[in-house]
Every structure is written in C-alpha cells, then in structure tokens.
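Accompanying notes for the structure given below.
The values are calculated or read from the model by the stated rules, or taken from the named source; none is laboratory data. None of the values given here were measured: they were computed from a predicted structure. Note: ideal-geometry Cβ built from the backbone for every residue, glycine included; neighbour counts use all protein chains shown. Just the protein is used for accessible areas: all its heavy atoms, side chains included, with ligands, DNA and RNA removed. Shrake-Rupley method; radii C 1.70, N 1.55, O 1.52, S 1.80 Å.
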Amino acid sequence: MTSDTRSIIEVESVSKRYTETVSALRDISFSVAPGEFLTIVGRSGSGKSTLLNIIGGLDHPTSGNVRISGALTDYHNHHALVRLRREMVGFVFQQFNLLPAMTAADNVAYPLLFHGRPRQERQERALELLSLVGLADRTGHYPAELSGGEQQRVAIARALAANPPIVLADEPTGNLDSKTSREIYRLLRELNTDQGITFLVVTHERDLAGYSDRSIELLDGQVVA
Amino acid sequence: MISDVFSIAFRHLWRKRLRFFLTVLGITIGVAAVIATVSLGEGIRYNAVETIKTQSDLTLITVQPKVHGDVVQLITGARIMEIRNLSSVTGAEGITRDTYATARQTFIPVTGIDSVEEGGLLNLRYSRGRPFSPETREVVAGYRLGEKLQRYEGIRQNDRFVVTIREYDASGKPLDSEIELTLVGVLQERGDSIDEILLANRGAVVAARTDAPLYDGILVRVDSPEHVAGVAAAITGMQLGATGAFEQIESVNRLMDMVVLLLALFAVISLVVGALMIMNTMMTSVYERVREIGITMAVGASRRDVIRLILAECLIIGIAGGVLGCFCGMVFAALVNTAGRSFILSRLGEEFTLLFGTEIARVTPGLLIAGLVVSVLLAVLSGLYPAVKAARLNPVEAIRSGG
C-alpha cells in the first residue's frame, strides 16, 4: 500500500490478536484526511475501542502499521508513544474520566502539566476552552457537581488542551440521554468545522453517524462498509 | 512544574486525610524514637565527658618508653625535641622516675623534673611553700603525699628528711645509700596521679643512682583538649607509649558509641515499621487510583511523570513525618531534662547531680537534620515500588478498571 501524504491517519493492515483464536481486529486498513469527521460504527465487541486505542498509542497492534501525519508509530518506543499522546491526539471517553479531586478548570489544564507549561498559561487555556464548550460559569465546579453532559464537555475541553490535530472519542455519548447526545455531537461537529480538528468517533448509535463526513462499520474486527 | 506536582500530590493525600495522618504518625513515632534515644545517649556521653574534663588534667600526656619485641624505644633528648616540635604541643619535658623509702619504710614515688614553677608545664598550684630551687635536693610533695608525710612521718614544710635508695650489685646483693631531702612545698589537690608523688630536681634524681637513665618519660602539654587525641596518635606513631586522662574520654566514647548504637537499633525498628506503613499506604493509594493513573497516561504523562507524582506524595509524608518527629523528639528531650531529671536525681541521689548536668538528653542540630533526612529517604524509598508499579500499568486496562 502506498502512503497517502494527504492523510493524517493511515491504518495499514492492523490486526490485534489476544490468543491464536481470539482476535479483536483483523487486517484493518483505512485512512483519514486532515479535518475529516469520521465515525466508526459497530456493535459492542466489534473492536472499535481497541482500534481507537491503537491509533492513540494507548494499545499496540499485533501486526500492521499506523502512521500519524506520515510518521510511523513505533509501538516499542515508550517515549514516542508518550509524545504521540501528548502532542497529536486528545482522548474523549464514554465514562468522561475526569479526575474527581480536581475542578473543571484543573481537569482541563491537567494535560498541559506534562508539557511543562507554567501555571498561569495552563489556567488561561483552561478557561478559554471551558467557555468554548459553553461552561464558562462552571470552571470551579468539581466533576461530582456537574451533570453528565457538562462532565463530557469538560472532558472535550481537556482533549483540546494541548491543541492536538486529532481527537479520538470512544462512545462519547454512551452515558448520555438522546437530547444531550445530540448537543454533544453538535459541539464536536462545531469544533471540527471551526478549528479544523480531525475527529475519529466510535459509536454504536447509527443515527448519530449522520453528523459525520464519513462512516465506516466494523463487524467482528473487520471493516464491512 | 515541581510546585504543581507537589500541589497535586498534596491534594491527593488530603482526600484521604485520616490515612495520611496515620501514615505520617507512623514515621513520626519512628523519627521521634530515634531522636529520643540518641539524644539521651549523647546527653549521657556529654555529661560523662564533661565530668572527666573538670576533674582531670586533660591536656597532659605522659609518654613512656615502649617495648617492641626485644627492642626498647628509649627516650632521648632528640625525642623530646621532636615532640616539642609537634603542632598543638605547647611544652614537653623529660622526666626520670624512681622510688625512695623513708626511715619508716614508706615508699615514695619520685618524679625528677626540671621545673616545678607555679603554673608551668604541669600547671601546678601550691597550697603552701614554694617550688624547689634548681640543682638542689629540695622537693615538692603532691597534695595527698604531703598529708601522708605529715601524718605518718611527721615531716612538715621545710623539714629535712632522709630517704633510702636501694640498688643491687652484680651478685644481686642489695646496696642501700641514703640522701637527705628538704620538703619546700606542697601542691593543691588535683585529682590525678601527681597528688601521690614527690617532685624533685631531675638532675638530683639521676645523680642519686649509679645506673639511672637520663629520661624515662616525657610530660607533654597540648594546647586544647580537642588536639590531645591527635598528638597522642603522633606520639604512638614514634613507637612510644602515650597515656593520660584523654584515654578515659576515649573509653567513655567507645562505650557510649555501643550504647547509643544499641538503643538506636531498637528505635530504628519503629522507623522500619513506619516505612512499611508508607509502602502499604502508597500501594493502597495506587490500587485505588489505577483508573486515574490510566487517565493521566492517556492525557500525555510518561512513566517518569507518574513516578514523580507518586514519589511527591511520599516526599510530603516523609517531610511531614520528619518535621513532626523532630518536634516530638525535642519535646521528649525537654520533658526528660525537666521533669525526668529531678525524678532521676531523686532516685540516684545528689552525688549524680554533676553527672547529669543541666540537660540529660541532648538534641543537636545535626541529630535533627539526620532525623529529617532519614525520614525523607525512607519515605521515598518505600514509595519507589508502588510508584514503579503504577508506572508499569497498562493504560487501557487501567482506564477500563473500576478503581
């Protein structure tokens, strides 16, 4: 397969096997253009989350390659993976995964700590992002004091903190009601068009795939559409 | 960045305040126990050494010939010069020793020396009379000998008295000779061996015998007690023997080293228990926060960042425990020195007042710093395993876990 220089994400024949017989992903290939909003749909257990974790450098494939902005991801190099997570991608999880001991602003600023940015700059960036996701009045609240939709907005702001070109969202609305889900999708789409961030969103809700530019479907670890 | 890591670490600890306090308490007790035992030992050592210092002539070293196999290292004028030239030595005089018998067969140890001026090398103080004049058979008695001569021999100041010097001829037959001495002075009490001896002109002591050596000892004065051990070592290095009150201090120090070491060993056990508590706390803390650690990794923390976050918590525990431990140790020492001191003295009796001077337990700045350093080191060391374990977590599994 020739590498397409216009792609920001290239997945080449990626497989993930847990044992000889149990596979999560089988020979997956696709690419994502910069600024694209791509949804990956499929039933639970189809390997969607594993694929997202591999692209984001949290997990590693058994075989195959992943290129981010043309650079081959070296899954054996801890520092390369840390750099990938720090600079290239932001994660949004189904469970929100905010740190309970920190306020909304501190949660958003948290990733910048590992960039060694000064506190002042981190705080300013956090406030800016929180107002971008519509939570300017919730900066000092702890996660337990926020609704599900608000928590996910904080998590989205956190994913954007380090200004990554790619956001990987794993079932971002899985724990939210349908009205809130639509609001979150509209927000993601807005960030996509306004900021030019590439979105890769995993979901099992087909109707939400309508917000995307393109959708691929996984079934039993293989791309079917 | 460092201050941020600490503020995050502190926030984590504060979430489980009670556990944090209990862990800190564990290390506090350990540090306090070490400071209490060591300060007590050091205080007793200090008081014992001070007692020796006030009761004896610390800066005086007596040098004797020493036998090495068949060879005797004799004392010569050159040796005396050599010792005089050592640094910290303010004076050195050769002496000759002998034993005379009085008419009533009281044996008197005699030391022949060149000068017995008030003050001088031996730092002499006269209770009555005056120093002997050079080149005469005038003598000066130590305090206790002076009492003895007066009481049992009836010899008073300015009395002349006859002593017998026994020598042996080639066949082993005793040859006695007699000389007449004049007692011109008696010294003040010193609390050392000079109280028991008669001081005479060295020339006269040597002349009194046919085969007397010129010198059989050297008295050496050192400028300060701190330099005595060094001078003694230098003299020992010349193959000569060196004795003096400083040896008492050395043996007290050796004894107290052992006592303090043993006491501290028991205290260290509580410190080890404190360290195990920290390890346990941090293991629990890591276990509870597996998910948070996974999230931290997902947002871009490296293994080193994770280790740093966990060790920062240990550092806070170590500093808190160390500071509180030092404080508790000082409180203990203060209690021993006030309430404890009067209790101990009431049990032991007034004669121990001198031994337990103003303070029994002695907390030195060095001891406090050592307590703090040990606490911090132990805390960080105990946190190393939990921290590395946290850093090795698989982020995907960590985030998925319920913790």
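With both labels modelled 7 Å from their Cα along Cα-to-Cβ, the residue A:141 to residue B:180 distance reads 11.9 nm.
Across peptide A:93-99, the mean count of Cβ atoms from other chains lying within 10 Å of each residue's own Cβ comes to 4. Contact order for region A:36-165, expressed relative to its length and based on alpha carbon pairs under 8 Å spaced 6+ residues apart, stands at 26 percent. In region A:1-105 the Cα-Cα distances spread across 5 Å bins starting at 0 as 2, 10, 20, 23, 21, 13, 7, 3, 1, 0 percent of all pairs. Each Lys or Arg adds one and each Asp or Glu subtracts one; over the other residues with Cβ under 15 Å from the Cβ of residue A:132, this totals -1.
Of the heavy-atom accessible surface of region B:52-95 (probe 1.4 angstrom), what whole percent is carbon and sulfur? Summing carbon and sulfur atoms, their accessible area is 53 percent of the total for region B:52-95.
Taken along the Cα-to-beta-carbon direction at a fixed 7 Å, the label points for residue B:233 and residue B:381 span 2.9 nm. If you wrap the Cα atoms of chain B in a convex hull and average its projected area over all directions, you get 29.6 nm². Close amide H pairs (under 5 Å, H built 1.01 Å from N) link residue B:217 with B:95, residues at least 5 positions away or on another chain. Legend: mean number of C-beta atoms from other chains within 10 angstrom of residue C-beta atoms, peptide B:298-310, equals 6.
Can you work out the FRET efficiency for the pair residue B:259 and residue B:17, with r the C-beta to C-beta distance and R0 = 41 Å, to the nearest 0.05? Mind showing how you got there, number by number?
Details: r = 40 Å, r/R0 = 0.97.
Computed FRET efficiency for residue B:259 and residue B:17 comes out at 0.55.
Work out, step by step, the length gained on full extension between residue B:3 and residue B:54: first 0.36 nm times the residue separation, then minus their alpha carbon distance; give nm to one decimal.
Numbers: separation 51, 0.36 × 51 = 18.36 nm, distance 5.26 nm.
The span from residue B:3 to residue B:54 would gain 13.1 nm if fully extended.
The modelled label-to-label distance for the pair residue B:88/residue A:214, using points 7 Å beyond Cα in the direction of Cβ, is 8.6 nm.
Order of B:270-276, B:363-369 by packing, highest average Cβ count within 10 Å first? Each step should come with its number before you reach the end.
Numbers: B:270-276: 18.6, B:363-369: 15.0.
Peptide ranking by packing, descending: B:270-276, B:363-369.
Sorting the Cα pairs of region B:272-403 by distance into bins of 10 Å, from 0 upward, gives 12, 29, 20, 15, 11, 7, 4, 0 percent per bin.
A cut-off of 5 Å between modelled amide H atoms, ignoring neighbours fewer than 5 places along the same chain, links residue B:301 with no other residue.
Rounded, prolate or oblate: which fits region B:254-318 when a ≥ b ≥ c are the square roots of the eigenvalues of the alpha-carbon gyration tensor, with rounded for a/c under 1.5 and prolate only if a/b beats b/c? Prolate, since a/c reaches 1.5 and a/b exceeds b/c.
Please return the longest range in chain B lying between exposed loop sites, taking trypsin sites (Lys or Arg not before Pro), DSSP loop only, at most 15 other beta-carbon atoms within 10 Å, and leaving the sites out. Each step should come with its number before you reach the end.
Values: sites that count: B:16, B:104, B:125, B:156, B:209, B:392.
For trypsin sites (Lys or Arg not before Pro) (loop position, at most 15 other Cβ atoms within 10 Å), the longest site-free span of chain B is B:210-391.
Computing Rg and the Kirkwood Rh from the Cα coordinates of region B:20-117 gives a ratio, Rg/Rh, of 1.30.
Principal axis extents of the Cα atoms in region A:94-219, from largest to smallest and rounded to whole angstrom, are 44, 29, 24.
The HN-Hα couplings worked out from phi for region B:176-186 by the Karplus form 6.51 cos²θ - 1.76 cosθ + 1.60 (θ = phi - 60°) are 9, 10, 10, 10, 10, 10, 10, 7, 9, x, 10 Hz, whole numbers, x standing for Gly and Pro.
Computed from Cα positions, the angle between helix A:178-195 and the longest principal axis of chain A comes to roughly 80 degrees. Considering chain A at the alpha-carbon level, its Rg and Dmax are found to be 17.1, 52 Å.
Axis of helix B:303-335 versus longest Cα principal axis of chain B: the two differ by about 40°, to the nearest ten degrees.
Close amide H partners of residue A:217, meaning residues 5 or more places away or on another chain with modelled amide H under 5 Å apart, are A:41, A:224, A:225. Out of every Cα pair in the protein assembly as shown, what percent are spaced more than 31 Å from each other? For the protein assembly as shown, the fraction of Cα-Cα distances above 31 Å is 68 percent.
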